[in-house]
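**Q** I'd like to ask some things about the structure below.
We did not get these values from a lab; they are worked out from the coordinates using the rules stated. This structure is a prediction, so every number in the text was calculated from the model and none was measured. Here the Cβ positions follow ideal geometry from the backbone for every residue, glycine too, while neighbour counts run over all protein chains shown.
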Amino acid sequence: MTNVDIKHLLSEILKELTPKEEERRKVELIVNDISQKINTICEQLNVRARAELQGSIAKDTWISGDRDIDIFIVFPKGTPASEVKTLGLEIARRAAGANYMECYAEHPYIRAFIDGYMVDIVPCSEFDPKEGKPSTAVDRTPLHTRFIKERMKEPLKNEVRLLKGFMKGIGVYGAEIKISGFSGYLCELLTLYYGSFLDVINNAKNWKPFSTVIDIANHYDDPKQALKIFKSPLIVIDPIDKDRNVAAALSLDKLTVFMLACQVFAIRPSKLFFKPEAHVTREAAKDDVKKYLEKSKTTILALATTLKPSPPDILWGQIKRSCSGIVKLLEQEGFKVLRWSAWSDDEKEVILIIEVESKTITPTVKHLGPPITSIDNVIMFLEKHVSSPRTVAGPYVEGDRLVVLTAKRTSDIITFLRNNIHKAELSKGFAEALKDRFDIAINEEVIDLCRGRSDDYKRFIMSYLRGSPHWLQELHD
């Protein structure tokens, strides 16, 4: 593809990514309404605080279809953190309307649901980086907004839109726990640093994980200084705070996916990179699972439960911790886990998919005993195993140690999980949820396990079966 062709391709993509006038008007109405309510409430309470629009909408780097709005309640510098929290939340609740939820990350905030948009109302206080550290991480946000707006000229805003659209399409956009990818602010900094979407792509494909440092404000004389401080796959120093890595939430997996996509896009540019997986993937059917298993000769297991409704970051924190714990439990018992993944409706329903070599394992395990020189332990080992009904063979000598084969494992994976799931490292909420709902399905039956958004779940299954990201199809065309 020639440079002219690529320019035309990106121009067509940009038309789809740029917010339409109708979207802009709707967002403006919501922002003005909430901001006016916040300012009015502050006046009524005689509170010296004000509403400020933040995030990608404030910087005009948002893309069509975005449904997230960030409005901050900014308190004067020096306001006690406790006052910002309690009074800020009270103001946010009153401004949010009837449909909202309280969210707790490092700093509590209110998430309101208004006309199809998710409006985060976040209390913070003014902060001067020259005078010390912020009370909370969100205090930096207005400074981030100001930094970008002062430097982001109109043409660069479209370059950011292309980068965000690309990252959304390949599934690496978002610093939240579910994604562990690139934040919007990180996209903006990368575009400022490299100068354009294509320059980001062409440089990122050559990044070296755990060795790449981007320091826009030149806080460090030598990148090696930053490498000693930050132990992350990618290091992008916050221009506002030299002690903060903007890419801290980025996982190695998502960095690697991005680098791979950059490498493939550089060879075969396509609109497909800008189409999220869910938009191009059909729903899986039982026959799809059956065909996959005929080829793989493996076993696919699905575990489902229903957690208490909670904000996505809290929900996915529980999911990742608990699913990792279940996989670890299976591996410790001897089941060979090939891969696993998790799906959720982002509210309460969770389904863990685990693929193993076989649903059964031999119940017999080899148990190494003490060396022959450890006499006391040798006698104890013999007394325990010589007449034990679990002993299959032995004890016998192997080298300088005693060895015994014992039948002590549950051989069937479903039976094992039913009886032992409580031994896994689970979050408290996940463990409680399993008492009320612990559904297990195997192979083709995993298709029917979802109680809620089955269409989204079946697309997830289809993506899982395919394994490789949809945009890699470009290499096969």
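**Q** Beyond 21 Å, what share of the Cα-Cα pairs of the stretch 174-333 is found? Please give it as a whole percent.
**A** Working: 7880 of 12720 pairs.
Value for the stretch 174-333: 62 percent of Cα pairs lie more than 21 Å apart.
**Q** A further question follows. Check the stretch 302-349 and count each lysine pair with an alpha-carbon distance under 16 angstrom, considering only pairs eight or more places apart or from different chains.
**A** Details: K308/K320; K308/K348; K320/K328; K320/K348; K328/K336.
So the count works out to 5.
**Q** Against the 2.2 N^0.38 Å scaling, with N counting residues, where does the stretch 21-115 land? I'd like the Cα-based Rg ratio to two decimal places.
**A** Values: Rg = 13.6 Å, N = 95, 2.2 N^0.38 = 12.4 Å.
Its radius of gyration relative to the 2.2 N^0.38 Å reference: 1.09.
**Q** Tell me what the chain gives for mean residue ellipticity at 222 nm when only DSSP H runs of n ≥ 4 count, each as -39,500 (n - 2.57), the sum divided by the residue total, rounded to 500 deg cm²/dmol.
**A** After summing the helix terms and dividing by the residues of the chain, the value is -13500 deg cm²/dmol.
**Q** Rounded if a/c is under 1.5, else prolate if a/b is larger than b/c, else oblate: which is the stretch 128-172, with a ≥ b ≥ c the root eigenvalues of its Cα gyration tensor?
**A** Details: a/c = 4.99, a/b = 1.75, b/c = 2.85.
Oblate, since a/c reaches 1.5 and b/c is not below a/b.
**Q** Hey, another quick one. Relative contact order for the chain using alpha-carbon pairs under 8 Å, separation at least 6, rounded to a whole percent?
**A** Rounded, it is 12 percent for the chain.
**Q** Distance cut-off 26 Å, Cα to Cα: go down the list K7/K153; K254/K458; K20/K168; K178/K228 and report the pairs above it.
**A** On the way: K7/K153 19 Å; K254/K458 23 Å; K20/K168 19 Å; K178/K228 28 Å.
The pairs that break the limit, which is 26 Å between Cα atoms, are K178/K228.
**Q** Which of the peptides 378-386, 236-244 is most tightly packed, and how do the rest follow, judged by the mean count of other Cβ atoms within 10 Å per residue? Intermediate values should be presented prior to the final figure.
**A** Numbers: 378-386: 14.8, 236-244: 19.8.
Per-residue mean Cβ counts within 10 Å order the peptides as 236-244, 378-386.
**Q** Can you give me the C-alpha center-to-center distance between the stretch 297-374 and the stretch 418-448, rounded to a whole angstrom?
**A** Answer, in whole Å: 10.
**Q** Follow-up. Could you tell me the center-to-center distance, by alpha carbons, between the stretch 98-162 and the stretch 53-79 in angstrom?
**A** Cα centres, the stretch 98-162 to the stretch 53-79: 5 Å.
**Q** So for each of 177-190, 447-460 I average, over its residues, the number of other beta carbons within 10 Å; can you give me the resulting order with the highest mean first? Could the numbers behind the result be given before it?
**A** On the way: 177-190: 22.9, 447-460: 17.9.
Top to bottom by mean Cβ count within 10 Å: 177-190, 447-460.
**Q** What is the diffusion coefficient of the chain in µm²/s, taking the Kirkwood radius over Cα pairs and the Stokes-Einstein relation at 37 °C with a viscosity of 0.692 mPa s?
**A** Details: Rh = 25.8 Å.
D = 127 µm²/s.
**Q** Same structure, new question: Just to check I understand the Karplus step: with θ = phi - 60° and J = 6.51 cos²θ - 1.76 cosθ + 1.60, what whole-Hz values come out for the stretch 273-284, glycine and proline as x?
**A** 5, 9, 9, x, 3, 5, 7, 10, 10, 7, 6, 6
**Q** Related question: Which value in Å does the Kirkwood hydrodynamic radius of the stretch 59-128 take, with 1/r averaged over all unlike C-alpha pairs and then inverted? Present the calculation step by step, with values, prior to reporting the outcome.
**A** On the way: mean 1/r = 0.0779 Å⁻¹.
Evaluated over the stretch 59-128, this radius sits at 12.8 Å.
**Q** A follow-up question, please. Which shape class applies to the stretch 154-233: rounded if a/c is under 1.5, otherwise prolate when a/b exceeds b/c and oblate if not, where a ≥ b ≥ c are the square roots of the Cα gyration tensor eigenvalues?
**A** Numbers: a/c = 1.94, a/b = 1.34, b/c = 1.45.
Taking the square roots of the gyration eigenvalues as a ≥ b ≥ c, the stretch 154-233 is oblate.
**Q** Now, a different point. In whole percent, what relative contact order does the stretch 390-433 give with Cα contacts below 8 Å and a gap of six or more residues?
**A** After rounding, I find 26 percent.
**Q** Mean Kyte-Doolittle of at least -1.0 plus a Cα span of 30 Å or more along the axis: flag which DSSP H helices in the chain meet both, please.
**A** Membrane-span-like by this rule: 21-44, 312-333.
**Q** Please tell me the relative contact order of the stretch 149-220 in percent, rounded to the nearest whole number, where contacts are Cα pairs under 8 Å and at least six residues apart. Don't skip to the end; give the middle numbers.
**A** Details: 47 pairs, mean separation 19.6, N = 72.
Reported relative contact order: 27 percent.
**Q** Using the Cα gyration tensor of the stretch 278-383, with a ≥ b ≥ c the square roots of its eigenvalues, what is the shape: rounded (a/c below 1.5), prolate (a/b larger than b/c) or oblate (neither)?
**A** The shape class here is oblate.
**Q** Here's a follow-up. Taking amide H positions as placed 1.01 Å from N in the peptide plane, with prolines and chain starts having none, which residues 5 or more places from F230, or on another chain, fall under 5 Å of its amide H?
**A** Residues meeting the amide H criterion: none.
**Q** Next up: So what is the diffusion coefficient of the stretch 238-293 in µm² per second by Stokes-Einstein at 4 °C and 1.567 mPa s, using a Kirkwood Rh over Cα pairs?
**A** Approximately 86 µm²/s, per Stokes-Einstein.
**Q** Taking loop as defined by DSSP and a crowding limit of 15 other beta carbons within 10 Å, which trypsin sites (Lys or Arg not before Pro) in the stretch 263-315 fit?
**A** R282, K297
**Q** Here is a further query. Using modelled backbone amide H atoms (1.01 Å from N, in-plane), which distant-in-sequence or interchain residues come within less than 5 Å of T212's amide H?
**A** I235
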